[in-house]
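The next block holds one structure in the form of structure tokens; read it before the comments.
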Amino acid sequence: MYDYLIVGAGLYGAVFAHEAKKNGKTCLVIDKRKHLGGNIYCENIEGINVHKYGAHIFHTNDKNIWDYVNSFVPFNRYTNSPLANYKGQLYNLPFNMNTFYQLWQVKTPQEALTIIEKQTSKYKEKEPTNLEEQALGLVGEDIYTKLIKGYTEKQWGRKATDLPAFIIKRLPLRFTFDNNYFNDTYQGIPIGGYNRLINGLLADITCRTNVDFFEQKEELQKLAHKTVFTGKIDSYFDYKFGQLEYRSLRFEHEILDIPNYQGNAVVNYTEASIPYTRILEHKHFEFGKQPKTVITKEYPLEAGIKNEPYYPVNDAPNTQRYNKYKELAKNEKNVIFGGRLAEYKYYDMHQVIGSALAKTRKIFSP
Ligand code: GDU
């Protein structure tokens, strides 16, 4: 009999298992996919670590979390600085002095600020109630039209006026020539790829892939005292209150017989008429010098029951529905719910790790 059955071998499950083992507990980790690692899993193609489930760039302000991940694998100095392609023109992201120069040819922060203040003042009068209002009040019409509206509406499949404001607050706005997408102190990609992180976390822990929890729920749960569930919380409760909505992505991977396709790891396509949101060129995450290159186009679509759930749609109706499931989860004996899917939260990797570490600290500290 194991102490824990861990459903899902993504970051939450792997960190939980690792910490449980450190505290003398035994774990059985299962995953319905044929590999471990959840969405951070990489596949080696042409010597390149291909992020099979979209771009994963690690960033955090928390030194403990940074040291934690680096204790399994050293991280490189990669700094995310995506470009945006709008109607054939390139702009730097996040919104910074380079972007303002490309948009308006302004050369000083004061000039940029003057334009942005002029474009935002009328939207600043009231508290934003949705993403569009938030964006217009933050960066104004030009940036909203060229770099936000089209990208956001195709990414989410919803009007920007129907989306929560917080999504756009993820992106920094700065008046320096700094293309770093994140404000965090620590950032990078594991040297040799994310699988090294997962393999480190799950070393000497019993793992079984290709196992669907729901096909043999009772038998599996009998194998352990407690369950850690990291899948979709609505699926755990058989969609009793209806489905929680997620956005999904379809990935189109291509191997190209050239060494360098776009000169950057991430290029966003911000106009509505191009069906994909971005193109990744994986070798650039690790400064790869391989003779060929692998690129991935990300096409957003609704998840429904069939497609992989990636982004929780945290709008009001979904949040209400989630709260009902959360109530049920509280009363579910001997089951812990954690991670992006079980908590229905737009977590980044460092936040998932933080959440799993907080949970295990609470359980295992004397
Ligand atoms: N957004 C735009 N235009 C852009 C980029 C983003 O409007 O060019 C808006 C969209 O509404 C988007 C939101 O900002 O939904 C948040 O954007 P993120 O880049 O944070 O969205 P993702 O979660 O898809 O980003 C993921 C990771 C990031 C980083 C990024 C790659 O969560 O940490 O790795 O991919 O650049």
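The values are calculated or read from the model by the stated rules, or taken from the named source; none is laboratory data. All figures in this text were calculated on a predicted structure; none of them were measured in a lab. Here the Cβ is made from the backbone with ideal geometry for all residues, glycine too, and neighbour counts use every protein chain on show. Note: accessible area is taken over every heavy atom of the protein model, side chains too, but ligands, DNA and RNA are not part of it. Shrake-Rupley method; radii C 1.70, N 1.55, O 1.52, S 1.80 Å.
If R0 is taken as 25 Å, the Cβ-Cβ distance between ASN331 and LYS362 corresponds to a FRET efficiency of 0.85. Working note: Karplus 6.51/-1.76/1.60 with θ = phi - 60° gives region 176-188 the couplings 10, 7, 9, 8, 5, 5, 10, 9, 5, 5, 10, 7, x Hz, where Gly and Pro are set to x.
What does the highest-first list of 114-124, 259-269 look like by mean Cβ count within 10 Å? Walk me through the numbers before you get to the answer.
Numbers: 114-124: 14.6, 259-269: 17.2.
Descending packing order for the listed peptides: 259-269, 114-124.
The alpha-carbon of LYS222 sits under 13 angstrom from the alpha-carbons of these aspartates and glutamates, leaving out residues fewer than 8 places away in its chain: ASP3.
Each peptide in 344-354, 5-15, 102-112, 162-172 was scored by the mean count of other Cβ atoms within 10 Å over its residues; highest first, the order is 5-15, 344-354, 162-172, 102-112. If you take the Cα centroid of region 187-217 and the Cα centroid of region 43-104, the two points sit 22 Å apart. About the centre of its Cα atoms, the chain shows a dipole size close to 580 debye [charges on the beta carbon of Lys, Arg (+1) and Asp, Glu (-1) only; nearest 20 debye]. The phi-based Karplus calculation (6.51 cos²θ - 1.76 cosθ + 1.60; θ = phi - 60°) puts the 3J(HN,Hα) values of region 235-244 at 5, 4, 9, 6, 6, 3, 9, x, 7, 7 Hz, whole numbers, x for Gly and Pro. In region 306-366, a dipole from Cβ-located charges (positive for Lys and Arg, negative for Asp and Glu) runs towards its positive end, and of PRO317, ALA356, LEU328 it is LEU328 whose Cα lies farthest in that direction.
Charged side chains reduced to their Cβ positions (Lys and Arg at +1, Asp and Glu at -1) give region 83-170 a dipole of some 200 debye around its Cα centre.
Here region 136-188 has 52 percent of its accessible surface on carbon and sulfur atoms, given a 1.4 Å probe and all protein chains in place. What does the charge add up to near LYS283, with Lys and Arg as +1, Asp and Glu as -1, over the other residues with Cβ less than 10 Å from its Cβ? Its environment carries a net charge of -1.
Under the classification rounded if a/c is under 1.5, otherwise prolate if a/b is larger than b/c and oblate if not, where does the chain fall, given a ≥ b ≥ c as square roots of the Cα gyration tensor eigenvalues? Since a/c reaches 1.5 and a/b is larger than b/c, the shape of the chain is classed as prolate. Calculated accessible area for region 83-170 comes out at 50 Å² per residue, all protein chains present (probe 1.4 Å; ligands, DNA, RNA ignored). Taking θ as phi - 60° and the Karplus parameters 6.51, -1.76 and 1.60, the scalar couplings of region 32-45 work out to 7, 6, 8, 9, 8, x, x, 7, 8, 4, 10, 10, 7, 10 Hz in sequence order, x denoting glycine and proline.
What you get for region 112-270, charging only the Cβ of Lys and Arg (+1) and of Asp and Glu (-1), is a dipole of about 280 debye around the Cα centre. Between the amide H of ILE6 and those of LEU28, VAL29, ILE30, VAL228, distances stay under 5 Å, these residues lying 5 or more places away or on another chain, with hydrogens modeled in the peptide plane. Between region 132-166 and region 288-353, the alpha-carbon centres lie 21 Å apart. Modelled spin labels at ASN307 and GLU117, positioned 7 Å past Cα toward Cβ, are 4.3 nm from each other.
For the residue pairs LYS32/LYS362; LYS122/LYS159; LYS52/LYS159; LYS240/LYS326; LYS283/LYS306; LYS32/LYS326, the C-alpha atoms sit more than 19 angstrom apart in LYS32/LYS362; LYS122/LYS159; LYS52/LYS159; LYS283/LYS306; LYS32/LYS326. From a point 7 Å beyond the Cα of ASP184 in the direction of its Cβ, which residues of region 13-42 have a backbone N at a distance under 18 Å? Output list for this probe position: 13-16, 38-42.
Counting only DSSP H runs of at least 4 residues, each contributing -39500 (n - 2.57), and dividing by the residue count of the chain, the helix-based mean residue ellipticity at 222 nm comes to -8500 deg cm²/dmol. Between helix 316-331 and the chain there is an angle of about 20 degrees, using the helix long axis and the longest principal axis of the Cα atoms.
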